[in-house]
1. Order of 72, 26 from fewest to most other C-beta atoms within 10 Å?
2. For the pair residue 142/residue 14, report the inter-label distance in nm, with labels modelled 7 Å from Cα in the Cβ direction.
3. How large is the translational diffusion coefficient of the stretch 2-82 in µm² per second when you combine the Kirkwood radius over alpha carbon pairs with Stokes-Einstein at 4 °C and 1.567 mPa s?
4. Can you put 134, 147 in order, fewest other beta carbons within 10 Å first?
5. Neighbouring Cβ atoms within 10 Å as the yardstick, rank 111, 67, 161 fewest first.
């Protein structure tokens with residue numbers, strides 16, 4: 001059963017991807033759609049058994065998933081374009097950006113020294129935990145613990161900002 005599914009995937013994936021792409025005009029979205037179609041096929045594998053039926057089922061599924069994706073995108077764009085800018089501006093004031101940045105910097109500065117150092121090396125310098133561990137002569141597990149502690153402390157000290165940001169992004173994702 002699994003070998004047949006694998007063969008089916010290899011046979012139809014590229015053609016279905018090209019078909020989905022003609023509808024959604026987005027490469028990544030088209031791949032996601034085809035993968036979802038194969039997932040649906042796998043879930044209904046007991047009900048579908050003939051090769052012609054499988055091909056038709058996949059094309060029909062990709063077609064409907066593609067139309068749904070286009071419709072959903074248009075709906076999101078419509079909501080975004082019709083969103084009242086004054087409502088969004090109520091939640092985000094560019095003049096407050098400096099204040100927000102200062103609050104975040106202060107939160108980082110108030111971290112315990114080791115937490116702050118690990119956090120800065122990870123987030124600002126983009127270093128991996130293993131690199132930080134070697135530089136600081138500590139274990140990777142210690143880096144993980146310190147990062148977890150830093151994030152927890154920042155969440156606590158900036159919790160009021162998080163509520164603001166969640167509300168702001170919820171409005172943008174109508």
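Values quoted throughout were computed directly from the atomic coordinates according to the rules given, and no laboratory measurement underlies them. It should be emphasised that the depicted structure is a prediction, and the values quoted were computed from it without experimental measurement. Cβ sites come from the backbone with ideal geometry, for glycine too, and all protein chains shown count toward neighbours.
1. Placing the least packed residue first, the sequence is 72, 26.
2. 5.2
3. 98
4. 134, 147
5. With the sparsest Cβ surroundings first, the list reads 67, 161, 111.
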